[in-house]
Amino acid sequence: QVQLVESGGGLVQPGGSLRLSCAASGSIFRVFAMAWYRQAPGKQRELVATITRDVSTNYAESVKGRFTISRDNTQNTVHLQMNSLKPEETAVYYCYARIMPIRSLFERDYWGQGTQVTVSS
């Protein structure tokens, strides 16, 4: 059994910062790519940032220069530092990981339950 658990969401004023964290736990052999997605009300889920196991990163154009994704392979965690937040970035933020469970021949996609980020004055 593998699960992803996010933390760190909340209410922040425009221009403020938040740090999201996600921990993968359970019967894990190896964690490959990890990422953060977000879904605003009435909109499709969109990719925010990705990070490979060798810490190569990629960002959505809208967050470049303001968000930073990082990971700790020893702890199977991924973080998203979000600075200069805007009201339109209010959304549920989801953690994603590509994981090979123990005693499995195949990698699988796993998702966290989501954490609410609200940017408002």
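The values are calculated or read from the model by the stated rules, or taken from the named source; none is laboratory data. This structure is a prediction, so every number in the text was calculated from the model and none was measured. Cβ coordinates were reconstructed from backbone atoms using ideal geometry, including for glycine residues, and neighbour counts include every protein chain displayed. In case anyone asks, the SASA skips ligands and DNA or RNA and just uses the protein heavy atoms, side chains included. Shrake-Rupley method; radii C 1.70, N 1.55, O 1.52, S 1.80 Å.
Note that the chain presents 55 Å² accessible area per residue, ligands and nucleic acids not counted, probe 1.4 Å.
If each residue of separation counts as 0.36 nm, what is the full-extension length gain between S7 and Q113 once their alpha-carbon separation is subtracted? Extra length from S7 to Q113 when fully extended: 37.2 nm.
Excluding A91 itself, what net charge comes from residues whose Cβ is under 15 Å from its Cβ, given Lys and Arg +1 and Asp and Glu -1? Charge balance near A91 sits at +1.
On full extension, the segment bounded by T68 and R53 gains 3.9 nm, given 0.36 nm per residue less the C-alpha separation.
Of all DSSP beta bridges confined to the chain, the antiparallel ones make up roughly 95%.
In the chain, what percent of the accessible surface is made up of carbon and sulfur (1.4 Å probe, ligands and nucleic acids excluded)? Here it works out to 48 percent.
Scoring 87-94, 67-74, 39-46 by mean Cβ neighbours within 10 Å over their residues and listing the highest first yields 87-94, 67-74, 39-46.
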